[in-house]
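Visitor: First the structure, which I've put down as structure tokens, then a few questions once you've had a look.
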Amino acid sequence: MTKREPATDEELLDAVGPAFGKLRRSMLLEVENPISQKDLSRTLVLNIVLEAEQGDGREITVGAVADHLGVDPSVASRMVSDSISAGYLVRAASQQDGRRTILHLSPEGRDMMDRFRRHQRAAFEYVTSDWTERERLDFARLMLKYVAAQNALPRR
């Protein structure tokens, strides 16, 4: 039995939240070079560090990871420690404040994120294989616009 499409604009908007909840699951699709569930979780942390290194160059601490993910500092600490144990992250002294410890991607962490990006693209192409190129590009553009708007919101 297939689920019916939302009939009204209100039903359509109500369906967005649950749809977002299902998106991450598609990253586990069996595409070339699949990502394990454990590494998929690690990419949450790795992505925060990578975006900072590629973006404004801000230093990422365990506290920054906790803030970004909206988790308790002890949870973030365990996540970071796991990524360090896996060889994806390294700790370093802050160049701005030598008392702080910051995080950097290791070469293995960069390789993992490169592989993850390829996996994300392959999963997107697989899921949207029967879409037109225009639909794919429109969706991609709107998704990026949504994420940018979300990132621009003031933190509570």
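The values are calculated or read from the model by the stated rules, or taken from the named source; none is laboratory data. All values derive from a computational prediction rather than experimental measurement. For neighbour counting, all protein chains shown are included, and Cβ atoms are generated from backbone atoms with ideal geometry for every residue, glycine included. SASA here: full protein model, heavy atoms, side chains in, ligands and nucleic acids out. Shrake-Rupley method; radii C 1.70, N 1.55, O 1.52, S 1.80 Å.
Visitor: Pairs of alpha-carbon atoms within less than 8 angstrom and 6+ residues apart define the contacts here; what relative contact order does segment 38-80 have, in percent?
Guide: 34
Visitor: Using packing as a proxy for protection, rank 67-78, 45-56 so that the peptide with the highest average count of other Cβ atoms within 10 Å comes first. Kindly include the intermediate steps, with their values, before the conclusion.
Guide: Working: 67-78: 14.0, 45-56: 16.7.
The peptides rank, most packed first, as 45-56, 67-78.
Visitor: If you don't mind, there's one more thing I want to ask. Against the longest principal axis of the chain, how steep is helix 9-23, in degrees 0 to 90 to the nearest 10, with axes from Cα atoms?
Guide: 40
Visitor: Heavy-atom accessible area per residue, segment 40-150, 1.4 Å probe: how many Å²? Kindly include the intermediate steps, with their values, before the conclusion.
Guide: Details: 6780 Å² over 111 residues.
For segment 40-150, the solvent-accessible area averages 61 Å² per residue.
Visitor: Here's something else I'd like to know. Could you work out the relative contact order of the chain, using alpha carbon pairs under 8 angstrom and six or more residues apart, expressed as a whole percent?
Guide: Numbers: 117 pairs, mean separation 33.4, N = 156.
That works out to 21 percent.
Visitor: Give me the percent relative contact order of segment 43-120, please, defined on Cα pairs under 8 angstrom at least 6 residues apart.
Guide: 32
Visitor: Which value, in debye to the nearest 20, describes the size of the charge dipole of segment 1-142 about its Cα centre when Lys and Arg Cβ atoms bear +1, Asp and Glu Cβ atoms bear -1, and nothing else is charged?
Guide: 480
Visitor: Hey, another quick one. Taking 22 Å as R0, compute the FRET efficiency from the Cβ-Cβ separation of residue 10 and residue 146 and round it to 0.05.
Guide: After rounding to 0.05, the efficiency reads 0.70.
Visitor: Evaluated at 20 °C with a viscosity of 1.002 mPa s, what Stokes-Einstein diffusion coefficient in µm²/s does the chain have when Rh comes from the Kirkwood expression over alpha-carbon pairs?
Guide: 120
Visitor: I've got another one for you. As a check on your grasp of the helix formula, calculate [θ] at 222 nm for the chain: sum -39500 (n - 2.57) over DSSP H runs of n ≥ 4, divide by the residue count, round to the nearest 500.
Guide: -20000 deg cm²/dmol
Visitor: When the accessible area of the chain is split by element with a 1.4 Å probe, what percent falls to carbon and sulfur?
Guide: Answer for the chain is 54 percent, counting heavy atoms of protein chains only.
Visitor: Rounded to the nearest 10 Å², what accessible area does residue 59 have for a 1.4 Å probe in the complete protein model?
Guide: Ignoring ligands and nucleic acids, residue 59 comes out at about 40 Å².
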